[in-house]
């Protein structure tokens, strides 16, 4: 007799959790990967695979399936890494690597929502300051907590932070 059957059916515990569906953004990235494969776009395919690997890594690390907001956070982090790399490679005179990173930025930006312009960002900062009742720098955390979900993937958080500091008078 099989050892797993010896325990008896009443002793077995099953975890029947419904299979969750892939998020819209993740599904779009996966569809684009298939399209890039069929079209033979090797460099684009490589970047898309990097994106999916980063998403999968975060899912495995946290043992969850990422929703669109969390996928945007991964993409935002990748954009920041690429911007930093472009700056470093440019300072080192490595134009070939700058070009590679710029191409990756273009592909990643294709999955991010339209970026906020200065006026839109200023309006969001003003609304968050008013909503939180912030009056001093000690309230910056409250303002940033309100802004982060609204600007995730649409603005550089460093620029948002600078805008909030200016608004709070620092």
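The values are calculated or read from the model by the stated rules, or taken from the named source; none is laboratory data. Since we're looking at a predicted model, the values are computed, not measured. Heads up, the Cβs are rebuilt from the backbone with ideal geometry, glycines too, and the neighbour counts pull from every protein chain shown.
Looking only at the stretch 20-56, count every residue that is in contact (Cβ under 8 Å) with a residue 60 or more places away in the chain and more than 17 Å from residue 72 (Cα to Cα) and tell me the total.
Total satisfying the criteria: 2.
Residue 93 is checked against (1) modelled with pLDDT of 95 or more; (2) surrounded by 14 or more Cβ atoms within 10 Å (Cβ to Cβ); (3) not in a helix (DSSP H, G or I) and fails just one. What number does that condition carry?
With (1) modelled with pLDDT of 95 or more; (2) surrounded by 14 or more Cβ atoms within 10 Å (Cβ to Cβ); (3) not in a helix (DSSP H, G or I) applied to residue 93, the lone miss is (2).
Evaluate the stretch 125-140: report whether one residue or more is within 19 Å of the chain's Cα centre (by Cα) and assigned to a helix (DSSP H, G or I).
Within the stretch 125-140, not a single residue is within 19 Å of the chain's Cα centre (by Cα) and assigned to a helix (DSSP H, G or I).
Report whether or not residue 116 is within 27 Å of residue 54 (Cβ to Cβ), part of a helix (DSSP H, G or I), at pLDDT below 95 and within 21 Å of the chain's Cα centre (by Cα).
No, not satisfied.
Going by the structure shown, is residue 150 part of a helix (DSSP H, G or I), touching a helix residue (DSSP H, G or I) at 6+ places or on another chain (Cβ under 9 Å) and closer than 27 Å to residue 81 by Cα?
Spelling it out, residue 150 is indeed part of a helix (DSSP H, G or I), touching a helix residue (DSSP H, G or I) at 6+ places or on another chain (Cβ under 9 Å) and closer than 27 Å to residue 81 by Cα.
How about the stretch 50-75: which of its residues are under 22 Å from residue 103 (Cα atoms) and buried (at least 19 other Cβ atoms within 10 Å of the Cβ)?
51, 55, 71, 72, 74, 75, listed by residue number.
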